[in-house]
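Remarks on the structure that follows.
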Amino acid sequence: MSQYSIRLYGDPVLKQRASEVTDIDGTLVRLTDGMIETMYEARGLGVAAPQVGVQKRIFVYDLNDGSGAKVIVNPEISEAAGEWTYEEGCLSIPGLYWPITRPKEVHLRGLDLDGNQISIEADELLARMFQHELDHLDGTLLLERLDGDQRKQALRDLRSRMLTQP
Ligand code: ZN
């Protein structure tokens, strides 16, 4: 069992902007190991630090393409292009999915755990996941990416879901 559990919708930690990482040290490496374990336990594609209650600009991901789990420190999206609507969910809002329109391609920059610069041209699912995790670092949940009517319905679904949970 991982030392962390996924923070769920309603937890104030999910609404705050996370701070830049200033030191990549052993503590940070242990945090990312824990986040990766949590991600695999939850069967998610990515986990951002605020989702385990830590306000640091860092996320981990594994798209199950065989290349293993990766860590991005202080990520930034420098370019975005296109548009793509896709059914998107979130480990912090389990069981609910909404069609959300976002840029189809992004250019992500950040650091790896050795402090090396990372630069990734991503499209489709990878680009989607990067934008989703970056939103978490800014305290934005995917509900805020829905338009008016869609959002009202989503909040209704969420409320009934929360009321019927054991
Ligand atoms: Zn999420």
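The values are calculated or read from the model by the stated rules, or taken from the named source; none is laboratory data. Fair warning: this is a prediction, and the values are worked out from it, not measured in the lab. Note that we place each Cβ from the backbone using ideal geometry, even for glycine, and neighbour counts take in every protein chain shown. Quick note on the areas: whole protein, heavy atoms, side chains included, nothing else; ligands and nucleic acids left out. Shrake-Rupley method; radii C 1.70, N 1.55, O 1.52, S 1.80 Å.
Would it be correct to say that residue 27 is open to solvent by 40 Å² or more (accessible area, probe 1.4 Å), in a helix (DSSP H, G or I) and either farther than 14 Å from residue 93 by Cα or acidic (Asp, Glu) (or both)? So residue 27 fits the description; yes.
Of the residues making up the stretch 113-139, just one is within 10 Å of the chain's Cα centre (by Cα) and without any contact (Cβ under 8 Å) to a residue 24 or more places away in the chain, namely 135.
Restricting the stretch 43-73 to residues that are open to solvent by 30 Å² or more (accessible area, probe 1.4 Å) and touching a strand residue (DSSP E or B) at 6+ places or on another chain (Cβ under 7 Å), which is nearest to the ligand (Cβ to nearest atom)? Result: 45.
Of the residues 57, 156, 161, the single one that is in contact (Cβ under 8 Å) with a residue 60 or more places away in the chain and closer than 18 Å to residue 10 by Cβ is 161.
When you go through (1) in a strand (DSSP E or B); (2) open to solvent by 10 Å² or more (accessible area, probe 1.4 Å) one by one for residue 3, which number turns out not to apply? Among (1) in a strand (DSSP E or B); (2) open to solvent by 10 Å² or more (accessible area, probe 1.4 Å), the lone unmet condition for residue 3 is (1).
Just name the residue that is nearest to residue 68 (Cα to Cα) out of those in the stretch 9-24 that are open to solvent by 30 Å² or more (accessible area, probe 1.4 Å) and among the β-branched types (Val, Ile, Thr). Only one residue tops the list, namely 24.
Residues of the stretch 26-42 that are away from the ligand (no atom under 15 Å from the Cβ) and among the hydroxyl-bearing types (Ser, Thr, Tyr): 27, 32, 40.
Within the stretch 96-150, restricting attention to residues that are more than 16 Å from the ligand (Cβ to nearest atom) and assigned to a helix (DSSP H, G or I), the residue that is farthest from residue 8 (Cα to Cα) is 124.
Being within 16 Å of the ligand (Cβ to nearest atom), open to solvent by less than 10 Å² (accessible area, probe 1.4 Å) and closer than 30 Å to residue 27 by Cβ is a property that does not hold for residue 91. Report yes if residue 82 is open to solvent by less than 70 Å² (accessible area, probe 1.4 Å) and within 16 Å of the ligand (Cβ to nearest atom), otherwise no. It is false that residue 82 is open to solvent by less than 70 Å² (accessible area, probe 1.4 Å) and within 16 Å of the ligand (Cβ to nearest atom). Scanning the stretch 94-113 for residues that are open to solvent by 40 Å² or more (accessible area, probe 1.4 Å), over 17 Å from residue 146 (Cβ atoms) and in contact with a helix residue (DSSP H, G or I) (Cβ under 8 Å, 6 or more places away or on another chain) yields a count of 3.
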